[in-house]
Amino acid sequence: PALSGDRRRRAALAAPRACVNRFVDTLPERLAAFGPVTLRGMFGGHGVYYEGLMFGLVADDALWLKADAQTRATYEAAGCVPFVYDRKGKGVALSYYRAPTGMLRNPGMVMHWCALAFEAAQRARAGRRPKSRPRRRHSGA
């Protein structure tokens, strides 16, 4: 029997997905030495999250890790390059650096570099102002 539209959509969502990207599909396992990470699709790439905080991103089959003023020199000393994307013909650098060569094959390096990136993400979150709530207007009654 044919499925209704709603039942067809639910069946499609429940069906196992084909491997979309082997690098992305295997990344949580490769980062397991650091901890249980999750990936979420975003802007043609994927965000890499630990404890709900994004500390990395995947673009062009490469892992990019969060950096800040405290860690930037460490990334540069390891030969890592910043993530740069094209915006209206100009390169825009984000606060992410390409993971060091060989990192994903070495659990000790995974722990070290992911910890640096996660700590940078924590500092960035702590430095943000809390979102302000709109003020309620009181009517003069």
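The values are calculated or read from the model by the stated rules, or taken from the named source; none is laboratory data. These figures come from a predicted structure and were not determined experimentally. Using ideal geometry, Cβ is built from the backbone for each residue, glycine included, and neighbour counts are taken over all protein chains shown. We work out accessible area using only protein heavy atoms, side chains counted, and drop any ligands, DNA or RNA first. Shrake-Rupley method; radii C 1.70, N 1.55, O 1.52, S 1.80 Å.
Tabulated data
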item: Filtered residues of the stretch 59-85 (kept if touching a helix residue (DSSP H, G or I) at 6+ places or on another chain (Cβ under 6 Å) and either at pLDDT below 95 or in a strand (DSSP E or B) (or both)); result: Asp61, Leu65, Lys66
item: Residue match in the stretch 107-128 (condition: modelled with pLDDT of 95 or more, open to solvent by 90 Å² or more (accessible area, probe 1.4 Å) and charged (D, E, K, R)); result: no
item: Residue ID - farthest from Phe34 (Cα to Cα), chosen from residues in the stretch 92-106 that are of a type in the set (Gly, Ala, Ser) and surrounded by fewer than 14 Cβ atoms within 10 Å (Cβ to Cβ); result: Ala93
